[in-house]
Amino acid sequence: MRDSETFTANAARCREEADAATLDNVRDRCLRAEAAWVAMASRSRRSERARDERVATVA
């Protein structure tokens with residue numbers, strides 16, 4: 001499993017926790033965590049794409 005997939009799964013888990021939260025501060029915390037995981041997944045996908053392109057160029 002690639003890091004971006006793990007980060008995306010964590011973001012989805014945080015979204016589920018936010019949807020289930022009954023307290024506003026808990027919901028907000030989960031949504032902030034989701035946003036952070038989404039950002040990490042995006043950066044990771046860019047790195048993975050660049051790595052794949054470098055490997056393809058060498059091969």
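The values are calculated or read from the model by the stated rules, or taken from the named source; none is laboratory data. Remember, predicted model here, so these are calculated numbers, not experimental data. Methodologically, a virtual Cβ is constructed for each residue, glycine included, from the backbone with ideal geometry; neighbour enumeration extends over all protein chains shown. Heads up: the accessible areas ignore ligands, DNA and RNA and are worked out on the full protein's heavy atoms, side chains in. Shrake-Rupley method; radii C 1.70, N 1.55, O 1.52, S 1.80 Å.
Residues that are touching a helix residue (DSSP H, G or I) at 6+ places or on another chain (Cβ under 7 Å) and in contact (Cβ under 8 Å) with a residue 40 or more places away in the chain: does segment 4-26 have at least one? The answer is yes; a qualifying residue exists. Residue-level check: of (1) open to solvent by 60 Å² or more (accessible area, probe 1.4 Å); (2) assigned to a helix (DSSP H, G or I); (3) without any contact (Cβ under 8 Å) to a residue 40 or more places away in the chain, Arg45 misses just (3). Within segment 28-42, the set of residues being closer than 21 Å to Arg2 by Cβ and open to solvent by 70 Å² or more (accessible area, probe 1.4 Å) comprises just one member, Val38. The residue list Asn25, Asn10 contains one member that is part of a helix (DSSP H, G or I) and surrounded by 13 or more Cβ atoms within 10 Å (Cβ to Cβ), which is Asn10.
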